[in-house]
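To start, the structure itself, in structure tokens.
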Amino acid sequence: MTTFYICRHGQTQYNQQGRLSGWTDTPLTDEGVRNAQSTVSKLKGLHFDRIISSDLGRAFVTAYLITRGLGIDTEIERNQALREVSYGDLAGMETAKATAEYGVDKITDYIAPKGESLAQMQARVIELINRLADHNPGQTILLTSHEGVISAINTYFSGTDLGTHMDTKSYPHDYVGKFTLENGQIVSFADYTGE
């Protein structure tokens with residue numbers, strides 16, 4: 001069994017402006033830095049064998065702030081499979097407009113122009129965590145990623161529709177989830193607020 005903790009990146013300028021980010025990066029806001037500090041308080045006292053972040057800047061900077069806040073100087077590995085869904089040509093569009101006109105966060109199989117579907121994103125995320133579990137039995141891994149990725153893992157565990165989930169549930173920027181994976185199955189998934 002492998003244990004994972006997954007954190008959402010801190011608030012960014014696009015988040016603040018209500019715009020789709022996807023694979024487009026904007027910097028963390030001051031609130032985003034505070035989000036990372038809040039995450040540190042939830043993770044204090046835990047040991048991590050590996051630290052892996054989405055390769056997008058907002059997640060990597062958040063991972064850096066979290067690990068340094070915890071006094072961990074372990075290398076932060078970057079992995080493209082932990083990226084948010086690609087919104088392609090819709091990146092930067094106001095989220096409300098993209099949802100109203102294209103159903104971006106509601107339809108699991110919708111593919112944005114030059115982007116990918118939520119289902120495609122979920123498949124690459126699950127493939128990665130299965131591979132990580134296979135190669136790291138008995139270890140604890142910290143992931144820093146995105147709201148869509150957290151939703152993808154949660155719905156894979158619960159067997160619910162990813163698009164519906166993303167339309168009805170949101171995760172704060174200091175969110176931490178904990179899940180365990182064994183024999184290719186997520187055997188638990190829960191919000192984590194500290195022990």
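List of remarks:
- Across Glu182, Glu127, Glu75, the residue with the most accessible area heads the list, and the full order at a 1.4 Å probe is Glu75, Glu127, Glu182.
- The 1.4 Å probe gives accessible areas that order Lys106, Lys114, Lys178, largest first, as Lys114, Lys106, Lys178.
- Ligands, DNA and RNA aside, Leu46 has an accessible area near 40 Å² when probed at 1.4 Å.
- Springs join every pair of Cα atoms under 10 Å in this Gaussian network model of the chain, and among Asp174, Asp89, Asp134 the largest mean-square fluctuation is at Asp89.
- Estimated FRET transfer efficiency when R0 is 45 angstrom, pair Ser170-Thr74 (beta carbons, to 0.05): 0.90
- Here the extension length gained between Asn183 and Lys106 equals 24.7 nm, from 0.36 nm per residue of separation less the Cα-Cα distance.
- Given Lys42/Lys97; Lys97/Lys169; Lys106/Lys169, the pairs whose alpha carbons are separated by over 23 Å: Lys42/Lys97
- Relative contact order %, region 1-58, counting alpha carbon pairs below 8 Å whose residues are six or more apart: 40
- Share of carbon and sulfur in the accessible heavy-atom surface of region 64-195 [1.4 Å probe, %]: 45
- Among Lys97, Lys169, the sequence by solvent-accessible area, most first, with a 1.4 Å probe is Lys97, Lys169.
- Solvent-accessible area per residue for region 116-195 (1.4 angstrom probe, square angstrom): 42
- Summary value for region 1-110: 32 percent relative contact order, contacts being C-alpha pairs under 8 angstrom separated by 6+ residues.
- Each Cα pair under 8 Å and six or more residues apart adds its separation to the average, and for the chain the resulting relative contact order is 33 percent.
- Compared with the direct C-alpha span, the chain from Glu94 to Tyr64 gains 8.0 nm at full extension, assuming 0.36 nm per residue.
- Helix-only CD estimate at 222 nm, as mean residue ellipticity for the chain, using -39500 (n - 2.57) per DSSP H run (n ≥ 4): -12000 deg cm²/dmol
- Loop-resident trypsin sites (Lys or Arg not before Pro) (DSSP state other than H, G, I, E or B) in region 1-45 with no more than 10 further Cβ atoms inside 10 Å of their Cβ are absent.
- Choice from Tyr87, Tyr175, Tyr102 showing the highest fluctuation, given a GNM over the chain with Cα pairs closer than 10 Å: Tyr102
- Gaussian network model of the chain, Cα within-10 Å springs - most flexible of Gln11, Gln37, Gln80: Gln80
The values are calculated or read from the model by the stated rules, or taken from the named source; none is laboratory data. Here the structure is a predicted model, which means the values were calculated and not measured. Backbone-built Cβ (ideal geometry, glycine too); neighbour counts: all protein chains shown. Please note that ligands, DNA and RNA were not included when accessible areas were found on the heavy atoms of the full protein model with its side chains. Shrake-Rupley method; radii C 1.70, N 1.55, O 1.52, S 1.80 Å.
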